[in-house]
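Worksheet: the structure to be examined is printed underneath.
The numbers here are math on the coordinates, done by the rules we state, and not lab data. This structure is a prediction, so every number in the text was calculated from the model and none was measured. Don't worry about glycine lacking a Cβ; one is built from the backbone with ideal geometry, like all the others, and counts go over all protein chains shown.
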Amino acid sequence: MTRVERYERKSEIPLLLLALAFLVAYAWQVLDPVLHPDLATTLSVASWTVWIAFAVDFVVRVILADDRWPYALRHWYDVALIALPMLRPLRLLRLLALARILNRSAASSLVGRVGTYVFGTSVMAAFLGALAMLDAEQDAEGANIETYGDALWWATATITTVGYGDRYPTTPTGRFIGLALMIVGIATVGAVTASIAAWMVSQVQRDQSAAEASSSTSSEGKKSEVTPGSR
């Protein structure tokens, strides 16, 4: 195990807790825009503290890596997670650290792993996408997504690829979030299909193996009965 892997094992739980703390701080500000100034300042400080923590985490991992530049290039998405969230609606990207935790705790089988990802990704994408959409749309002129209920309904319809069209984003930021959620929805449907296909193939192969084993055992039994009589 490399130094980076040892560090990641030790830091994954603290990072998960920080991501959850950021979720609370971010959601609170979005769902209750009329906050007491002191509380708003506290939540803002908490959000930036999490951002600094994730930036420090990436720097530490680069320092511990044997080949630093190749490691940084391979983990370009971590750089994006640190740089892009400077834009408020994109700060939710920090919560993708949860995906790393799911990756390490998922079941070892393909179906179990895909099932964990699909369920976790669907729930997180719907909940977080609704938050980001509400943040982008609620104060926009002519917007029709003004409450979290509207945003959650839109996110659920989008991620399931139903798309009723009764709620839709009107701002450039909202449309960008919608595009991202559409991609997640398509990937989720594809993952479900692949998961079911893999499960069906494994079941057929298991049945075939059991039938072959049973046939082989039966043949050996018949041979053992015929051999003594032939003597």
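Worth pointing out:
- Look at the dipole of the stretch 107-211 built from charges on Cβ: of Thr160, Phe127, Gly174, the Cα furthest out on the positive end belongs to Thr160.
- Principal semi-axes in Å for the stretch 107-211 [√(5λ), Cα gyration tensor, largest first]: 37, 11, 9
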